[in-house]
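K.L.:
For reference, the structure I am asking about is given below.
The values are calculated or read from the model by the stated rules, or taken from the named source; none is laboratory data. From a predicted model like this one, the values you see are computed outputs, not experimental measurements. Neighbour counts are summed over all protein chains in view; Cβ atoms, including those assigned to glycine, are modelled from backbone coordinates with ideal geometry.
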Amino acid sequence: MTQIQHDPPRPHAPGPRDRLGARNLVRFATDQLAWLRELADRYGDVVELRMFGKPWFLVVHPTDIEDVMVKHARVMGRDAYTIVLQRALGLGLLTSDGDLWKRQRKLMSSAFVPKRIQGYADAMVRVTSAGLGAWRDGEVVTLHQEMSRVTMEVAADVLFGAGVSRRDTETVRDAMEIINEFFANSPEAIARVPEWFPTPRNRRMTRAVRQIDELIFRIIAERRRGPARDDFLGVLLSAQDDDGATMSDRQLRDEAVTLFLAGHETTALLLAHTLFLLSKHPDVERRLHAEIAGVLGGRAPVAADVKALPYLERVLKESMRLYPPAWTTGREANEDVVIGGTRVPRGAQILLSQWVVHRDPRWFPNPEGFDPDRWSDERAAGLPKFAYFPFGGGPRVCIGNHFAMMEATMMLSLIVRDWRVELLPGQTLVLKPSVTLRQRGPGLRVRLVERARHELGPRRSPALS
Ligand code: HEM
């Protein structure tokens, strides 16, 4: 665990010699997951390289990651890739910086306090149960698509409540899919092709953003005219900063779109990957089902059940270790700083990769193995703080982390209570790193097996689900 100290700081860290950065760019664009791990294995805890005409630093030691996220947080700005997201998210919490971010973070935190998150659990269960109501025994579905459908409905319900019709949700879903696709696959996003340049994808993206704007501005206007409500949007509408100022319509729009995009896709991936892992590890799946059946019997979960489901929490944590939905997090140094004994100049891009660090054998023996018990108190004790950071850390830690864990717990317990998923033969998980860590192509196909029809045991009462 000892780190090599350099005193005085070294001017450069080791890394691939590629002065123009062309070879790096090719690997970055085509094979990021393998490439980043190779770089860390070959060059060590801080790797320096050139891309897009700038110096980049891959930082993989937990102590150095903590320095970037916590100690030097004040001089760390949004990285170049996150800035590209502004095209859809505007200046919401994820994409803003400085005083605007500080003010917004304070205003928004009131919507994420534990009491409120417990309150959202009911809606999460209601919407999930309705979504799973469409499942049929023996049906074949695409895991990611199914999970995305439900988490999007949860996000729409919790964020906008009764103000959103089914048609509105579908409009948002279609537009979000185009926006996601844009950031996932397009040369327009990587090469920062200007918005006005008329490629088909650019046009589709502009249309999708316009549709979302129309819908959200309409909802905001309706809510401002109507009586105050104590739901998520209600909290944001009434939140006041120290000077008594509230958010403008534009700011509310940016925050709502940010929460929608940041909130539903990541949780859907967490669930899709977890169900995939359970289908490959029947022993873990049986133990998880036994825990859930023991706590719930046939009833639906409530927020207070979270504490009684420790194995479920371990399963989710282990799933995010192997397949972190946010697989990399970036920063831009706003001043010269020293990280891991290396001088990192102002303007450099800093990459912190959950994908790389969560598979580092120094912290996780047998790193490729799916072993939820590595999260037992005894085994997890002594793990360096930033060896595992699926939600980031420091002042910019994911504001939705408890929301996500609550939602994933409610959804997974409802699914595993009643269903098993069986991977169709011949399918392997092929990952596609984009803003999030997605599955390549249409995603994994699974067969749904309803327990009540195939297994003996407590039966679900439809009235309670
Ligand atoms: C499994 C689910 C999730 C994962 C893995 C995840 C991961 C992350 C990570 C790693 C960051 C930090 C980015 C950075 O340091 O630059 C982040 C930030 C953020 N997340 Fe999440 N997230 C999840 C769910 C959610 C949910 C459910 C919401 C909202 C309802 C949400 C909203 C946000 C926002 C607004 C930020 C920006 C915070 C800031 O910069 O102040 N996330 N998320």
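K.L.:
Being more than 30 Å from residue 51 (Cβ to Cβ) and under 21 Å from the mean Cα position of the chain (by Cα): is that true of residue 312 here?
P.N.:
Yes: the conditions hold for residue 312.
K.L.:
Looking at residue 226 and the list (1) under 26 Å from residue 120 (Cβ atoms); (2) of a type outside the set (D, E, K, R); (3) buried (at least 16 other Cβ atoms within 10 Å of the Cβ), which single condition is not satisfied?
P.N.:
Unmet for residue 226, out of (1) under 26 Å from residue 120 (Cβ atoms); (2) of a type outside the set (D, E, K, R); (3) buried (at least 16 other Cβ atoms within 10 Å of the Cβ): (3).
K.L.:
Could I ask something else about it? Being under 19 Å from residue 257 (Cβ atoms) and not polar (S, T, N, Q): is that true of residue 147 here?
P.N.:
Taking the combined requirement at face value, the residue does not satisfy it.
K.L.:
If only one of 70, 47, 84 is without any contact (Cβ under 8 Å) to a residue 60 or more places away in the chain, under 20 Å from residue 333 (Cα atoms) and aliphatic (A, V, I, L, M), which one is it?
P.N.:
The conditions single out 47.
K.L.:
Residues in the range 342-364 that are over 11 Å from residue 61 (Cβ atoms) and within 12 Å of the ligand (Cβ to nearest atom): how many?
P.N.:
6
K.L.:
Sticking with this one: Among the residues of the range 15-34, write down those that are at pLDDT below 85, closer than 25 Å to residue 430 by Cβ, in contact with a strand residue (DSSP E or B) (Cβ under 9 Å, 6 or more places away or on another chain) and surrounded by 17 or more Cβ atoms within 10 Å (Cβ to Cβ).
P.N.:
24, 28
K.L.:
Ok, one more. Check 103, 87, 126 and return the single one that is within 13 Å of the ligand (Cβ to nearest atom), farther than 16 Å from residue 232 by Cα and not small (Gly, Ala, Ser).
P.N.:
103
K.L.:
Then there's this: State all residues of the range 35-85 that are among the charged types (D, E, K, R), more than 20 Å from residue 21 (Cβ to Cβ) and either modelled with pLDDT of 95 or more or in a helix (DSSP H, G or I) (or both); if no residue qualifies, say none.
P.N.:
Within the range 35-85, 41, 45, 64, 66, 67, 71, 74 qualify.
K.L.:
Just to be sure I understand, how many residues within the range 365-382 are among the aliphatic types (A, V, I, L, M) and under 13 Å from residue 318 (Cβ atoms)?
P.N.:
Within the range 365-382, residues that are among the aliphatic types (A, V, I, L, M) and under 13 Å from residue 318 (Cβ atoms) number 1.
K.L.:
Moving on. Sort through 413, 434, 376 and tell me the only one that's touching a Phe, Trp or Tyr at 6+ places or on another chain (Cβ under 9 Å) and among the polar types (S, T, N, Q).
P.N.:
Only one candidate qualifies: 434.
K.L.:
Can you tell me which residues in the range 243-255 are in contact (Cβ under 8 Å) with a residue 60 or more places away in the chain and surrounded by fewer than 23 Cβ atoms within 10 Å (Cβ to Cβ)?
P.N.:
Those that are in contact (Cβ under 8 Å) with a residue 60 or more places away in the chain and surrounded by fewer than 23 Cβ atoms within 10 Å (Cβ to Cβ): 247, 250, 251, 253.
K.L.:
OK, next. Pairs needed: first member in the range 309-329, closer than 17 Å to residue 276 by Cα and of a type in the set (S, T, N, Q); second member anywhere, assigned to a helix (DSSP H, G or I) and more than 9 Å from the ligand (Cβ to nearest atom); C-beta distance under 7 Å; at least 6 residues apart or different chains.
P.N.:
Sorted first by the residue in the range 309-329, then by its partner, the pairs are 319/273; 319/274; 319/277.
K.L.:
Tell me yes or no: at least one residue of the range 324-341 is assigned to a helix (DSSP H, G or I), within 11 Å of the ligand (Cβ to nearest atom) and either crowded, with 20+ Cβ neighbours inside 10 Å or among the small types (Gly, Ala, Ser) (or both).
P.N.:
no
K.L.:
For residue 260, which of the numbered conditions (1) more than 10 Å from the ligand (Cβ to nearest atom); (2) touching a residue at least 60 places away in the same chain (Cβ under 8 Å) fails to hold?
P.N.:
It fails just one condition, (1).
K.L.:
Here's a follow-up. Taking only pairs six or more apart or across chains, which ones have beta-carbon atoms under 9 Å, a first residue in the range 351-364 that is modelled with pLDDT of 95 or more, and a second residue that is among the acidic types (Asp, Glu) and within 11 Å of the ligand (Cβ to nearest atom)?
P.N.:
Note: pairs meeting the criteria are 351/79.
K.L.:
Considering only helices (runs of 4 or more DSSP H) fully contained in the range 92-198, which possess at least 2 residues that are of a type in the set (Val, Ile, Thr) and modelled with pLDDT of 95 or more?
P.N.:
Because the criterion is at least 2 residues that are of a type in the set (Val, Ile, Thr) and modelled with pLDDT of 95 or more, the helices (runs of 4 or more DSSP H) in the range 92-198 that meet it are 114-132.
K.L.:
A further question on this structure: Of the residues 207, 250, 229, 225, only one is within 30 Å of residue 146 (Cα to Cα) and not acidic (Asp, Glu); which?
P.N.:
Testing whether each residue is within 30 Å of residue 146 (Cα to Cα) and not acidic (Asp, Glu) leaves just 207.
K.L.:
Going through the range 66-84 one residue at a time, which ones are near the ligand (Cβ under 10 Å from one of its atoms) and surrounded by 17 or more Cβ atoms within 10 Å (Cβ to Cβ)?
P.N.:
Those that are near the ligand (Cβ under 10 Å from one of its atoms) and surrounded by 17 or more Cβ atoms within 10 Å (Cβ to Cβ): 68, 69, 76, 78, 79, 82.
K.L.:
Can you tell me which residue in the range 367-418 is surrounded by the most Cβ atoms within 10 Å (Cβ to Cβ), limited to those that are of a type in the set (Gly, Ala, Ser), assigned to a loop (DSSP other than H, G, I, E, B) and touching a residue at least 40 places away in the same chain (Cβ under 8 Å)?
P.N.:
Across the range 367-418, the extreme among qualifying residues is 400.
K.L.:
Here is a further query. Scan the range 6-28 and report the pairs whose first residue is at positive phi and whose second residue is of a type in the set (Lys, Arg) and not in a loop (DSSP other than H, G, I, E, B), with Cβ atoms within less than 8 Å and a gap of 6+ or a chain change.
P.N.:
21/50
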